[in-house]
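Have a look at this one before I ask anything.
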Amino acid sequence: MNTRLGIFVGRSLVILAWGLIWELTARYELLPPAFTGQPSVFLQDFVEHVADGTFPTAALITLQAVAVAFTLGGVLAILTALTMTVFPTVERLFSPIIDALNALPRVALIPLFILWFGLGMLQKVASGVSIMYFVLLSYTLAGAKATDPDHLLLARSLGIPRWRVFNQIIIPSAVPAIFAGLRLGLIYTVLGVITAELIAGGKGLGTLVSYYSNTFDPNGVFATLIVLVIITSTLSAVMSRIERSIGKWRDPVQL
Amino acid sequence: MPLADPALGGGIRVRKLSHDYQRDEQRIEALSDVNLDIPVGEFVALVGTSGCGKTTLLDILSGLLESLQGEVLLAGEPPSAGRPDTARMFARDALMPWRTAAQNIDFALATRVQDTDQRAQRIQQLLDAVGLEEFADAYPGQLSQGMRQRVALARTFSLQSKFVMLDEPFGAVDAMTKISLQDQLVELWEQTPSTTVVLVTHDLGEAVALSDRVIVMSPRPGRIVADVPIDLPRPRSVKALQSVSEFHKLVAQLWDELGA
């Protein structure tokens, strides 16, 4: 307990010291504050924009796209992974194509998404899905392959039919990997949506970042980044919590 | 050889069994001309150095591996995976971490018994028998290695199979825990006199302590080089045997047979 408190104090001191150096270099213009921003100013900007509703509105718009992309990409990925696990031929057929698509920098697709779906919510969702889908698909497939060979041998020695092996061994074995994929996928979905907003505009947080940056307002950029950090770390913490509670192993299959 | 044993029709019969497999362009002869008869209710240990094919033989008896040449019969029928009269226990516990101790036993038992109440009752009896009555709802991650092995033992015997195949069941536990697990195995087996057990082990003390008969196999290709009857009285206590000189004499004899 004492060491944990010590680490917390230490971390806070590191952040404080960093902020102080930043503040001082800006205040005494050791580095041009027009480029670096100034902590005392952007913290004030942050509080103001939270109070006047700019940040909450933008965050809500971004999070809507994230929620749709996460759900859609997640469902599609799980369905694909199930199909590929049940029919290995499908996996052999499609895995090189999927690997190639996954290696493609998705940012490069955003202009295409804009062309197809316009500048609204749909292109942001498409960008998020294009990342979420592949992250969760690869995690789920890896999880399904991580089945303990002893469990499969036991099932064989008991003469357990194939569909029950799938339900009762392969799926539960993949659960931890699926949750890891969901947690990582969520963060990457935020990334995909923000990138789309940076490029296409609209009303989300990404748009704010590009707006402040284009109007030479580094303090506005940093204030928006604070919002992004709060959102992604909260989402990540919530997912870790859910993951841990699953890790206690509730039997997902009824006896 | 107890060839004339009238009970043998229901026991295990192996004739001229040979088996080889391919590994990196090379044919490896795992078993060569193995002949073995095990009457109903006998507890037999297979011993030999690693790679002598004892696990291959057990896999063939369990139906997990198809024999290439020769004849193998369990109660007059060739072995096959999923035969309801055969149970197999693996070297590692093979417990599923997402199932509780009771649910792990039920995973096997549900393949043989339909009635849920009947299953619940038998699971409780078995957990009592292995001293885990209070751990029915514990997950494997919350149990020690010895306790997990106990659950695996209970799962194997829950099937009440005529033939039980054990592959190094206590290889992963410490010496103290091992003796108590062995005693539990002997107890479970002595309660069901018509159960035939084949135990693969490299622990000669374990082989002598548990078995009616120890089969010694030669290094690759595996063949039977000695068949040693163990005439220690039953019921046995593995713990008590540690101070019996006859026990140690038999272990020493097995060391000689192995040529070590």
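The values are calculated or read from the model by the stated rules, or taken from the named source; none is laboratory data. Everything numeric here is computed off the predicted structure, so don't read it as measured data. Reconstructed Cβ throughout: ideal geometry from the backbone, glycine too, with neighbour counts over all protein chains shown. SASA here: full protein model, heavy atoms, side chains in, ligands and nucleic acids out. Shrake-Rupley method; radii C 1.70, N 1.55, O 1.52, S 1.80 Å.
Out of B:155, B:150, report the one residue that is out of contact with any Phe, Trp or Tyr (no Cβ under 8 Å at 6 or more places or on another chain), touching a residue at least 24 places away in the same chain (Cβ under 8 Å) and outside the structural domain of residue B:39 (by TED's automatic domain parsing).
That would be B:150, the only listed residue that is out of contact with any Phe, Trp or Tyr (no Cβ under 8 Å at 6 or more places or on another chain), touching a residue at least 24 places away in the same chain (Cβ under 8 Å) and outside the structural domain of residue B:39 (by TED's automatic domain parsing).
A follow-up question, please. Restricting to the range A:17-38, and then to whatever is among the β-branched types (Val, Ile, Thr) and over 15 Å from residue A:213 (Cα atoms), can you tell me which residue is most open to solvent (accessible area, probe 1.4 Å)?
Applying the first criterion (among the β-branched types (Val, Ile, Thr)) to the range A:17-38 yields A:21, A:25, A:36.
Among the residues that remain, those that are also over 15 Å from residue A:213 (Cα atoms) are: A:21, A:25.
Working: A:21: 105, A:25: 30 Å².
So the residue we want is A:21.
A further question on this structure: Looking at B:141, B:146, which is the one that is away from every other protein chain (no Cβ under 11 Å) and not aliphatic (A, V, I, L, M)?
B:146
Those residues that are at the interface with chain A (Cβ under 9 Å from one of its Cβ atoms) and open to solvent by 30 Å² or more (accessible area, probe 1.4 Å), I need them from the range B:89-136; list them, please.
Once the filter is applied, which keeps residues that are at the interface with chain A (Cβ under 9 Å from one of its Cβ atoms) and open to solvent by 30 Å² or more (accessible area, probe 1.4 Å), the range B:89-136 yields B:91, B:92, B:97, B:103, B:111, B:112, B:116.
Could you check the range A:199-255 and list, in sequence order, the residues that are among the aromatic types (Phe, Trp, Tyr), in contact with a Pro (Cβ under 9 Å, 6 or more places away or on another chain) and at pLDDT 90 or above?
Going residue by residue through the range A:199-255, those that are among the aromatic types (Phe, Trp, Tyr) are A:211-212, A:216, A:222, A:249.
This time we only want the ones that are in contact with a Pro (Cβ under 9 Å, 6 or more places away or on another chain), so: A:212, A:222, A:249.
A:212, A:222, listed by residue number.
Please state which of the following conditions residue A:143 fails to meet, knowing it meets all the rest: (1) open to solvent by 20 Å² or more (accessible area, probe 1.4 Å); (2) closer than 24 Å to residue A:78 by Cβ.
Of the numbered conditions (1) open to solvent by 20 Å² or more (accessible area, probe 1.4 Å); (2) closer than 24 Å to residue A:78 by Cβ, the odd one out for residue A:143 is (1).
Next up: For the range B:166-196, give me each residue that is part of a strand (DSSP E or B) and within 23 Å of residue B:124 (Cα to Cα).
B:166
Go through the range A:198-241 residue by residue and tally those that are within 20 Å of residue A:64 (Cβ to Cβ) and open to solvent by less than 60 Å² (accessible area, probe 1.4 Å).
Result for the range A:198-241: 18.
Which one of the conditions (1) assigned to a strand (DSSP E or B); (2) in contact (Cβ under 8 Å) with a residue 12 or more places away in the chain; (3) away from every other protein chain (no Cβ under 14 Å) does residue B:57 fail to meet, given that it meets all the rest?
Only one criterion in (1) assigned to a strand (DSSP E or B); (2) in contact (Cβ under 8 Å) with a residue 12 or more places away in the chain; (3) away from every other protein chain (no Cβ under 14 Å) is unmet by residue B:57, namely (1).
Report yes if some residue within the range A:119-134 is loosely packed, with under 13 Cβ neighbours inside 10 Å and either part of a helix (DSSP H, G or I) or touching a strand residue (DSSP E or B) at 6+ places or on another chain (Cβ under 6 Å) (or both); otherwise report no.
Checking the range A:119-134: not a single residue is loosely packed, with under 13 Cβ neighbours inside 10 Å and either part of a helix (DSSP H, G or I) or touching a strand residue (DSSP E or B) at 6+ places or on another chain (Cβ under 6 Å) (or both).
Out of all the residues in the range A:95-103, is one or more modelled with pLDDT under 90 and not in a helix (DSSP H, G or I)?
No, the range A:95-103 contains no residue that is modelled with pLDDT under 90 and not in a helix (DSSP H, G or I).
Under 7 Å between Cβ atoms, which residue pairs at least 6 apart in sequence (or on different chains) link something in the range A:148-172 that is at the interface with chain B (Cβ under 9 Å from one of its Cβ atoms) with a partner that is of a type in the set (Phe, Trp, Tyr)?
Final answer for the pair search is A:150/B:90; A:153/B:90; A:154/B:90; A:172/B:98.
Those residues that are assigned to a loop (DSSP other than H, G, I, E, B) and within 20 Å of the chain's Cα centre (by Cα), I need them from the range B:89-110; list them, please.
Hits for the range B:89-110 are B:90, B:91, B:92, B:93, B:94, B:95.
Give me the pairs: first residue in the range B:163-191 and in contact (Cβ under 8 Å) with a residue 24 or more places away in the chain and open to solvent by 10 Å² or more (accessible area, probe 1.4 Å), second residue in a strand (DSSP E or B) and among the charged types (D, E, K, R), beta-carbon distance under 8 Å, and six or more apart or on different chains, which are they?
B:167/B:88
Let me ask something else. In the list A:112, A:137, which residue meets the criterion of being part of a helix (DSSP H, G or I) and free of Cβ contacts under 8 Å to residues at least 40 places away in the same chain?
Criteria check complete, one pass: A:112.
Quick test for you: out of A:5, A:31, A:60, pick the one residue that is without any contact (Cβ under 8 Å) to a residue 12 or more places away in the chain and in contact with a Ser or Thr (Cβ under 6 Å, 6 or more places away or on another chain). Talk me through it step by step, then tell me what you get.
On the way: A:5 fails: in contact with a Ser or Thr (Cβ under 6 Å, 6 or more places away or on another chain); A:60 fails: in contact with a Ser or Thr (Cβ under 6 Å, 6 or more places away or on another chain).
Answer to the selection: A:31.
Something else now. Can you pull out every residue in the range A:46-65 that is open to solvent by less than 30 Å² (accessible area, probe 1.4 Å) and closer than 18 Å to residue A:226 by Cβ? Write out each step before concluding.
So the first thing to find is which residues in the range A:46-65 are open to solvent by less than 30 Å² (accessible area, probe 1.4 Å), and the list is A:53, A:55, A:58-59, A:62, A:65.
Passing the criteria: A:53, A:55, A:58, A:59, A:62.
Given the criteria at positive phi and either in a helix (DSSP H, G or I) or not assigned by TED's automatic domain parsing to the domain that holds residue B:191 (or both), does residue B:141 qualify?
Considered against the rule, which asks whether it is at positive phi and either in a helix (DSSP H, G or I) or not assigned by TED's automatic domain parsing to the domain that holds residue B:191 (or both), residue B:141 comes out as no.
Looking only at residues that are assigned to a strand (DSSP E or B) and either of a type in the set (Phe, Trp, Tyr) or more than 9 Å from every other protein chain (Cβ to nearest Cβ) (or both) in the range B:60-88, which one is farthest from residue B:188 (Cα to Cα)?
B:69
Name the single residue that is modelled with the lowest pLDDT among those in the range B:198-212 being outside any helix (DSSP H, G or I) and crowded, with 18+ Cβ neighbours inside 10 Å.
B:203
Hey, can you tell me all the residues within the range B:227-245 that are surrounded by fewer than 17 Cβ atoms within 10 Å (Cβ to Cβ) and either of a type outside the set (Ser, Thr, Tyr) or closer than 20 Å to residue B:11 by Cα (or both)?
B:227, B:229, B:231, B:232, B:233, B:234, B:235, B:239, B:240, B:242, B:244
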